[in-house]
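The values are calculated or read from the model by the stated rules, or taken from the named source; none is laboratory data. Just so it is clear, the structure is predicted and the values come from calculations on it, not from any experiment. As a convention, Cβ positions derive from the backbone with ideal geometry for all residues, glycine included, and neighbour counts pool all protein chains shown.
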Amino acid sequence: MTRPPLADTLPYAADFVIEILAAASRAPFGQLSWVEINRLAARWLRPQLGEATGDTSRLGHAVVVEMSTHGLLDAEMTTAADGHLMVQRVAHPRLLGVEMARTLAA
């Protein structure tokens with residue numbers, strides 16, 4: 001049995017996913033930095049019940065990694081000092097389509 005996507009298990013994760021896509025579409029060149037991911041995660045994601053403190057930044061990055069895995073956006077990854085996979089930058093899929101069209105036209 002596969003585990004459910006992280007976004008399905010967190011309260012307000014759907015709002016976070018929508019905000020990530022919307023912010024990336026508005027960002028210059030369709031790219032969103034890790035700082036903006038952290039800001040949106042702090043706004044929308046809450047720790048699981050029973051956790052006194054939660055790292056909304058890591059939750060946000062984990063959700064964005066899943067979004068990338070499912071093809072919702074393109075993410076450039078990096079590794080934190082402690083070895084956790086983090087998102088350095090994301091690109092809205094619309095920008096990727098524009099870039100592909102330019103490449104094909106050239």
Return the pair list, or none, for Cβ contacts closer than 8 Å from residues in the range 64-91 that are over 18 Å from Leu10 (Cα atoms) to residues that are in a loop (DSSP other than H, G, I, E, B), at least 6 apart or on different chains.
Leu73/His92; Met86/Ala80; Val90/Leu73; Ala91/Leu73
It is to be established whether one or more residues within the range 1-15 are among the aromatic types (Phe, Trp, Tyr) and at pLDDT 80 or above.
no
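Return the total of residues in the range 4-43 being under 13 Å from Val87 (Cα atoms) and without any contact (Cβ under 8 Å) to a residue 40 or more places away in the chain. If you could, list the steps in order and put the result at the bottom.
Going through the range 4-43, the residues under 13 Å from Val87 (Cα atoms) turn out to be 20, 31-38, 41.
Filter again for without any contact (Cβ under 8 Å) to a residue 40 or more places away in the chain, leaving 35-36, 38, 41.
Residues meeting the conditions: 4.
Considering only the range 5-32, state which residues are of a type in the set (S, T, N, Q) and surrounded by 15 or more Cβ atoms within 10 Å (Cβ to Cβ).
Quick first cut of the range 5-32, residues of a type in the set (S, T, N, Q) only: 9, 25, 31.
Within the range 5-32, just Gln31 meets the criteria.
Give me the residue from the range 16-49 that is in a loop (DSSP other than H, G, I, E, B) and over 18 Å from Ala75 (Cβ atoms) and, out of that set, modelled with the highest pLDDT.
Here is the first cut: in the range 16-49, the residues in a loop (DSSP other than H, G, I, E, B) are 27, 45-49.
Then drop every residue that is not over 18 Å from Ala75 (Cβ atoms), which leaves 46-49.
Details: Arg46: 71, Pro47: 60, Gln48: 56, Leu49: 51.
So the residue we want is Arg46.
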